[in-house]
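The structure under discussion appears below in the form of structure tokens.
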């Protein structure tokens, strides 16, 4: 019996694209259930675009200044994504807040990774806010995208301890290391038919995730 065809993934970035790189590298492994067919950015100078080209991916940039308003931009971006007939849209450091109309178009097949343990610290500057609050634990969350900013159903989280001598840079680096582990897992689960968004909830292997999977749950990771 031949394996199922790889699912088609489009990645959206605004910067360096380190999570994008990890996802592409992961997709090249034997038996990976997906391929990254295109990388799009709202920034023409995003370093991640050059990196994606090196991997042989189709790339495109769409600058917001060319459009009358957010709605017009998001409609053009959605059309550019749809040109690649994606099974999944992955936000990997894409720094624009998406309109509800855009989200509806890809609802249930769009994932984001956020550098905090959601629902804690949605929005920007999470590392700074965690340090200011003297939190002892920080991390990252993969979640489905909904119209609520960073409020979609959570899928998986990875945690790091906050060290006494941490600054934003050192903490960011460790959180990013966790991101590089948990994002490919979530994309694998979705593209392998194990993960879905249904009734406003995340479901894995037919079970409602009342709480996100924790990355330390190695039995789940390797299953």
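Quick note: the coordinates plus some simple rules give every number you see, no bench work behind them. Bear in mind that the values here come from a model prediction, so they are computed numbers and not experimental data. Heads up, the Cβs are rebuilt from the backbone with ideal geometry, glycines too, and the neighbour counts pull from every protein chain shown.
At a 10 Å Cβ-Cβ cut-off, how would you order 54, 168, fewest neighbours first?
Sorted ascending by nearby Cβ count, the order is 54, 168.
Identify which of 153, 86, 119 has the largest mean-square fluctuation in a Gaussian network model of the chain, with springs joining Cα atoms closer than 10 Å.
Judging by the Gaussian network model, the answer is 119.
Sort 65, 60 by Cβ crowding within 10 Å, fewest neighbours at the top. Intermediate results must be reported in sequence, preceding the final value.
Details: 65 5, 60 17.
So the residues, fewest neighbours to most, are 65, 60.
Of 13, 113, 81, 169, how do they rank once you tally other Cβ atoms within 10 Å and put the fewest first?
169, 81, 113, 13
Where does the chain land at 222 nm, in deg cm²/dmol rounded to the nearest 500, when only DSSP H runs of n ≥ 4 count, each adding -39500 (n - 2.57), divided by all residues?
Values: 7 runs with 74 residues, N = 223.
Helices in the chain give a 222 nm mean residue ellipticity of -10000 deg cm²/dmol.
Please provide three numbers in whole Å: the alpha-carbon extents of segment 113-223 along the principal axes, with the largest listed first.
Each principal axis gives a Cα extent; for segment 113-223 these are 42, 31, 19 Å.
Between 185, 117, 51, where does the largest GNM mean-square fluctuation fall for the chain, given springs only between Cα atoms within less than 10 Å?
51
Could you compute how fast the chain diffuses translationally, taking Rh as the Kirkwood radius over C-alpha pairs and applying Stokes-Einstein at 10 °C with viscosity 1.306 mPa s? Give it in µm² per second. Walk me through the numbers on the way to the answer.
Values: Rh = 17.8 Å.
D = 89 µm²/s.
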